Amino acid sequence: MASTFLPAVGRIAVCGGTHGNELSGVYLVQEMERMRKEKGDSVWPVPVITVLSNPQAVKECKRYIETDLNRCFSSATLSAPVTDSTPYEVRRAQELNALLGPKESAGAIDLICDLHNTTSNLGLTLIHYTTDDWMTLHICKYLQARATNANQTPTGYPLYETTVYVPFVFVCMCVLTCVVVCTFKKKITRVPVRVLVLDIPISAAYSLETVSKHGFSIEVGPQPTGVIRADIYEVMKEAVDLTMDWIKIFNSGTVFEGGDIEVFILQKSIDYPREPSTRELIAAIHPQLQDRDFCLLKRGDPMFLTFSGETMKYEDDETLHPFFINECAYYEKGIAFHLAKKRKLSIPRMQVQKK
């Protein structure tokens, strides 16, 4: 694949609180604003706009006030006339589009990182919409390369690194003393970094990051809504810091080699089993599936456990990868989890376009 030359990254936006009860992004944006006041804009390689996307929802610690803001950025919604009945989040989406866009225009900001938490065991997942946005994919590849040593237990929980020191003391009959020191690391290199592509035309794509020329959302979990966990916050912060590092390196003229990147492509969504007449749930995620986001789901694997104790199994012949398993916010959307297909994308060698 031939080399690709792209303009230098000039401006980026880091957005938190698109969902007002996902607190890692809220506090990270506030911390970045504090850093700007203390150290000035030079703390980052390019000018950064920090945005609290849904301030009213943040204030009330709710996902949204009237409708999901992160479903309001399609071109149709952004261009819809505003009336007295227009939901607050649609008005806010149009304000953000004016600030950071307009969407699909030459004047749009270069890159948006939109920060999210999930109650599912996603680790660090980068989400965007196209298979040919080379800049976004190169950033994702850069982050993945810093997670190549990530280990997971079969249930998907990250392992902690253990260092063993064995001093030998020879006194008379060689008495062996072993001292075991466990060092716990929660760096991004110990967390799986996955890339999810929704593969939707940008005009129809509904998330905030699609307002920019390039962009992705950063999902980190598991974290309950309305709660801040230091380990989850640190993973998100390091992902943003590494994105800034990539921008600095790219703008300096460094050549990024091409190659393959592993991604997951959304295929379909699965709802919970429901009672036909009332639409009430009759089952929960099966314990053998819970917390196993991005595992292989094969025909015959347990999917749900009914409240009467019956196991309901996956019946499709196609092996796929479930994610957003038992996400709290998706109950209202009728989604128990999504299913994705894993594939490799080939991306070209890339460097900054010379002026």
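The values are calculated or read from the model by the stated rules, or taken from the named source; none is laboratory data. As the structure is a computational prediction, the values presented were derived from the model and not from experiment. Neighbour counts are summed over all protein chains in view; Cβ atoms, including those assigned to glycine, are modelled from backbone coordinates with ideal geometry. Each accessible area value is taken on the protein alone, full model and side chains, heavy atoms only, with ligands, DNA and RNA left out. Shrake-Rupley method; radii C 1.70, N 1.55, O 1.52, S 1.80 Å.
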Have a look at M244, V227, Y330 and report the one farthest towards the positive end of the charge dipole of the chain, computed about the Cα centre with Cβ charges (Lys/Arg +1, Asp/Glu -1). M244
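In the chain, what percent of the accessible surface is made up of carbon and sulfur (1.4 Å probe, ligands and nucleic acids excluded)?
On the way: 9090 of 16820 Å².
Accessible surface attributable to carbon and sulfur in the chain totals 54 percent.
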Taking a probe of 1.4 Å, how large is the accessible area per residue of the chain, in Å²? 47 Å²
Simple label model, 7 Å out from Cα along Cβ direction - K313 to K248, nm: 5.4 nm
When the convex hull of its Cα atoms is projected in every direction, mean area for the chain (nm²): 25.3 nm²
Calculated from DSSP helices alone, with each H run of at least 4 adding -39500 (n - 2.57) and the total divided by the residues of the chain, [θ]222 nm to the nearest 500 comes to -6500 deg cm²/dmol
Whole-Hz ³J(HN,Hα) from phi, Karplus 6.51 cos²θ - 1.76 cosθ + 1.60, for the range 79-93, glycine and proline x: 9, 5, x, 8, 10, 4, 9, 5, x, 3, 5, 5, 4, 5, 4
Inter-label distance, nm, simple model (7 Å from Cα along the C-beta direction), S277/I49: 5.4 nm
Roughly what would the spin-label model give for T83 and I200, points 7 Å off Cα along C-beta, in nm? 2.4 nm
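Determine the gain in length on full extension of the stretch E95-L296; use 0.36 nm per residue of separation and subtract their C-alpha separation, reporting nm with one decimal. Please report the intermediate quantities before stating the final value.
Numbers: separation 201, 0.36 × 201 = 72.36 nm, distance 4.10 nm.
Once the chain is fully extended between E95 and L296, it gains 68.3 nm.
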